[in-house]
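S.K.: One structure, as structure tokens, below. Some questions next.
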Amino acid sequence: QLQAYGGGLVQAGGSLRLSCAASGRTFSSYNMGWFRQAPGKEREFVAVIGWSGGFTNFADSVKGRFTIPRDNSKNTVYLQMNSLKPEDTAVYYCAAAPKTYSGSYYGASGYDYWGQGTLVTVSS
């Protein structure tokens, strides 16, 4: 089970850190991703981190502004969002894909578990 939290209202240019806490003992066996869905739009990939933190990847729209650290001792993955823009406004979801998954991390189909989403609103 994944629990995402930390969303809120922030001004453009500000920062926000989302957290996703996982229950269970196998968190370190999963690659963790963040997706977002803006009103009227489809869910889109934001970022992914490998099970050991060995790799990360980001959507072009957030590259250089967002990071995705994880702490396996706390069963938690984060999404640190800096230099936020109004177009970052969306519901953000965390998701878990098994480390044995060999497909693309950019689509939702590779992820077995999803958090409930947390709303981020960036005002201009």
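S.K.: Tally up the residues in region 105-124 that are over 10 Å from Val48 (Cβ atoms) and either part of a loop (DSSP other than H, G, I, E, B) or hydrophobic (A, V, I, L, M, F, W, C) (or both), please.
M.R.: Result for region 105-124: 11.
S.K.: To continue, here is another question. Out of all the residues in region 76-111, which are touching a residue at least 24 places away in the same chain (Cβ under 8 Å) and over 14 Å from the mean Cα position of the chain (by Cα)?
M.R.: Of everything in region 76-111, those that are touching a residue at least 24 places away in the same chain (Cβ under 8 Å) and over 14 Å from the mean Cα position of the chain (by Cα) turn out to be Ser83, Leu84, Lys85, Pro86, Glu87, Pro98, Lys99, Tyr101.
Each value in this text was obtained by applying a stated rule to the coordinates, not by laboratory testing. This is a predicted model, so every value here is computed, not measured. Every residue, glycine among them, receives a Cβ derived from its backbone with ideal geometry; neighbour counts consider all protein chains shown.
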